[in-house]
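This report concerns only the one structure given below.
The values are calculated or read from the model by the stated rules, or taken from the named source; none is laboratory data. Note that the structure is a prediction, hence the values are computed from the model and not measured. Reconstructed Cβ throughout: ideal geometry from the backbone, glycine too, with neighbour counts over all protein chains shown.
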Amino acid sequence: MKKLLSIILVAIILIAGLFYFFKPEADIALKMDTGHQSSEQLLSNHSNYPRKNNLGVSEDILKKAQAETQILNAVTPDQIDQRTIPDYFTNIEQGVLFQYDPLVIETKNVGDHIQFKLLKYGINRQATITNIEQVDEDIMRWTGVFDDLAADLNHFSITQSQKDNYSIIKVFTDKGNYVAEIKNGVGLATSINDELHDDEIHDHEHDHH
């Protein structure tokens, strides 16, 4: 009987020892698996942005841009460095000068909402992105409509070159049509009499310096 008890006691000690020995490895494996899931989630979040190549900025900056909805931030010439205003902006007095962050639209997907504010022209509207087109390896185009308005009369397009840091925005509304040209974060919006149907940025021809 004593011998049987001794065998049972030794067995219990061995089992306890094995459990203690292998438990840390199980904990480490669990942590590695959790870390792996976090990495996959981070990758998934980054891939949510329409432009698949590296935008060259941190995830925090991208998230901040993603939360922003205002596309145009109007300014006066004396509010920005004059050297940042492109030389070919010759009719500033007739238009709306504004600052522009290209990452705001770069981080938007189909179904997202953005704001257009051109108070000089009586425009302060919310729009919804309905399509995103990869024009070529560099140029992308976002198109959409203004909420609660006739889509055939109220729509927009934003065509953007990351390489040249150049964008064209075209806005069509029941109040009039407007085009904005942006270079290096500074843009000028003006009214146009006739609709423009060509949204192409031909061969980066607007790569002004």
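Residues of region 175-209 being modelled with pLDDT of 50 or more and either farther than 21 Å from residue 118 by Cα or assigned to a loop (DSSP other than H, G, I, E, B) (or both), which ones?
Initial filter on region 175-209 (modelled with pLDDT of 50 or more): 175-193.
Selection gives 175, 184, 185, 193.
Quick one: in region 137-152, which of the residues that are part of a strand (DSSP E or B) and among the aliphatic types (A, V, I, L, M) is farthest from the chain's Cα centre (by Cα)? Can you show your working first?
Going residue by residue through region 137-152, those that are part of a strand (DSSP E or B) are 139-146.
Narrowing further to those that are among the aliphatic types (A, V, I, L, M): 139-140, 145.
Values: 139: 14, 140: 12, 145: 18 Å.
The residue in question is 145.
For region 142-155, which positions are surrounded by fewer than 18 Cβ atoms within 10 Å (Cβ to Cβ) and touching a residue at least 24 places away in the same chain (Cβ under 8 Å)?
Quick first cut of region 142-155, residues surrounded by fewer than 18 Cβ atoms within 10 Å (Cβ to Cβ) only: 147-153.
Passing the criteria: 147, 149, 150.
Restrict the check to region 157-174 and report whether at least one residue is in the same structural domain as residue 102 (by TED's automatic domain parsing), modelled with pLDDT under 95, touching a Gly at 6+ places or on another chain (Cβ under 7 Å) and not aromatic (Phe, Trp, Tyr).
Within region 157-174, not a single residue is in the same structural domain as residue 102 (by TED's automatic domain parsing), modelled with pLDDT under 95, touching a Gly at 6+ places or on another chain (Cβ under 7 Å) and not aromatic (Phe, Trp, Tyr).
Determine which member of the set 123, 105 is surrounded by 14 or more Cβ atoms within 10 Å (Cβ to Cβ) and at pLDDT 95 or above.
The conditions single out 105.
Just to be sure I understand, how many residues within region 96-120 are in contact with a Phe, Trp or Tyr (Cβ under 6 Å, 6 or more places away or on another chain) and assigned to a helix (DSSP H, G or I)? Working first, answer last.
First, pick out the residues of region 96-120 that are in contact with a Phe, Trp or Tyr (Cβ under 6 Å, 6 or more places away or on another chain): 105, 107.
Retained after the next criterion (residues that are assigned to a helix (DSSP H, G or I)): 105.
So the count comes out to 1.
From the list 66, 70, 79, which residue is in contact with a Ser or Thr (Cβ under 8 Å, 6 or more places away or on another chain) and of a type in the set (S, T, N, Q)?
Details: 70 fails: in contact with a Ser or Thr (Cβ under 8 Å, 6 or more places away or on another chain); 79 fails: in contact with a Ser or Thr (Cβ under 8 Å, 6 or more places away or on another chain).
Of 66, 70, 79, the one residue that is in contact with a Ser or Thr (Cβ under 8 Å, 6 or more places away or on another chain) and of a type in the set (S, T, N, Q) is 66.
Specify the residue that is surrounded by the most Cβ atoms within 10 Å (Cβ to Cβ); the eligible residues are those in region 58-102 that are among the aromatic types (Phe, Trp, Tyr) and in contact with an Asp or Glu (Cβ under 9 Å, 6 or more places away or on another chain). First the steps, then the outcome.
Step one: filter region 58-102 for residues among the aromatic types (Phe, Trp, Tyr), giving 88-89, 98, 100.
When the remaining residues are screened for being in contact with an Asp or Glu (Cβ under 9 Å, 6 or more places away or on another chain), the result is 88-89.
Details: 88: 11, 89: 16.
Per the criteria, the residue is 89.
Give all pairs with beta carbons closer than 6 Å in which a residue from region 78-107 that is within 16 Å of residue 181 (Cα to Cα) meets a residue that is among the aromatic types (Phe, Trp, Tyr); count only pairs at least 6 apart in sequence or on separate chains.
Short answer, once both residue conditions are applied: 105/142.
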